[in-house]
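Chemist: Before we start, here is the structure in question, set down as structure tokens.
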Amino acid sequence: MHGYDFIWIDAEHGPFDKHTLLMHVMAANAGGAAAFVRVSENNPAVIKPVLEMGIDGIIIPMILTEEDAQKAIKACLYPPEGIRGFGPRRANKYGQMPLETYLEEAPSSFLRILQIEHIQAVENIEAILAVQGLDAIIIGPNDLSASIGRLGDSMHPEVLELGKLIIAHAKKARIPVGVSIGPDEKAIETWMKMDLDFISVGDDISFLQQGVQRTLSMVHMQRGVRGVL
């Protein structure tokens, strides 16, 4: 996967059905990268089938409160710690893994990551970070900027200050913290200077756009070209 440690598969904004999502998970793993899936909502019915795909990490968006965080984590764990229904598919190697082994390893087989992307979440960050079973949090600057009335300005100083505050609380709680951003060089440089543990950077649409722009720029520099297909 060109050096990526993990691939963020976006089932929140992307046009995925379950079958297509599974194919992306398998493709990421085949390419040597961990498959992290962001689900569409904090809903046990949505989370459950994604876990059965044998993913390496689940990202649950728009966590605002401690109660939201507890609901998300419980949906990822089997009873008595959680409420996850039992029906593994790829998660237990299609039945090839002994039941006892699977149940023992299931809690540690994937990362449970909650997305912090709203000012309300920042206000409740200490309580969210204290929820048992949470493996990491990831900052979403775009929606975070929107929540303070600055949609489209994710690099505004207020947003960056909130990011620093989130990171500081995560460090204090000893919970890994990352950020999800596009391929913008300034944004990458700015966030990489912060005390992050991991980063999700770039996306397929942006890479396609950049490639098209570079290619067409080269074509238009050549004289005599009348059209491009």
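Chemist: For the stretch 124-135, give me the residue count where each residue is surrounded by 15 or more Cβ atoms within 10 Å (Cβ to Cβ) and on the phi < 0 side of the Ramachandran plot.
Modeler: Total meeting the criteria: 7.
Results for (1) in a helix (DSSP H, G or I); (2) closer than 18 Å to residue 180 by Cβ; (3) modelled with pLDDT of 95 or more, shown as yes or no for each residue.
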residue: 3; (1), (2), (3): no, yes, no
residue: 24; (1), (2), (3): yes, yes, yes
residue: 27; (1), (2), (3): yes, no, yes
residue: 36; (1), (2), (3): no, yes, yes
residue: 42; (1), (2), (3): no, yes, yes
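Chemist: Give me the pairs: first residue in the stretch 81-97 and under 17 Å from residue 26 (Cα atoms), second residue among the acidic types (Asp, Glu), beta-carbon distance under 8 Å, and six or more apart or on different chains, which are they?
Modeler: From the stretch 81-97, the pairs are 88/52; 89/52; 90/52; 91/52.
Chemist: Right, here's the next one. For the structure I just gave you, tell me whether residue 60 is crowded, with 20+ Cβ neighbours inside 10 Å, within 23 Å of residue 170 (Cβ to Cβ) and either aliphatic (A, V, I, L, M) or modelled with pLDDT of 95 or more (or both).
Modeler: Against the criterion (crowded, with 20+ Cβ neighbours inside 10 Å, within 23 Å of residue 170 (Cβ to Cβ) and either aliphatic (A, V, I, L, M) or modelled with pLDDT of 95 or more (or both)), residue 60 qualifies.
Chemist: Within the stretch 140-158, which residues are within 15 Å of residue 190 (Cβ to Cβ) and more than 20 Å from the chain's Cα centre (by Cα)?
Modeler: Scanning the stretch 140-158 gives 153, 156, 157, 158.
Chemist: Name the pairs: first residue in the stretch 138-161 and over 12 Å from residue 179 (Cβ atoms) and without any contact (Cβ under 8 Å) to a residue 12 or more places away in the chain, second residue among the β-branched types (Val, Ile, Thr) and not in a loop (DSSP other than H, G, I, E, B), Cβ to Cβ under 9 Å, at least 6 apart or on different chains?
Modeler: If the second residue must be among the β-branched types (Val, Ile, Thr) and not in a loop (DSSP other than H, G, I, E, B), the pairs left are 150/159; 153/159.
Chemist: Follow-up question, since we're still on this one. Starting from the stretch 196-210, take each residue that is in contact (Cβ under 8 Å) with a residue 24 or more places away in the chain and list its partners that are crowded, with 17+ Cβ neighbours inside 10 Å and of a type in the set (Ser, Thr, Tyr), counting only C-beta distances under 8 angstrom and pairs at least six apart or across chains.
Modeler: As it stands, the answer is 200/180, since those pairs meet every condition given.
Chemist: Out of everything in the stretch 100-145 that is acidic (Asp, Glu) and part of a helix (DSSP H, G or I), what residue ends up being nearest to residue 57 (Cα to Cα)?
Modeler: Filtering first and then ranking leaves 105.
The values are calculated or read from the model by the stated rules, or taken from the named source; none is laboratory data. None of the values given here were measured: they were computed from a predicted structure. Don't worry about glycine lacking a Cβ; one is built from the backbone with ideal geometry, like all the others, and counts go over all protein chains shown.
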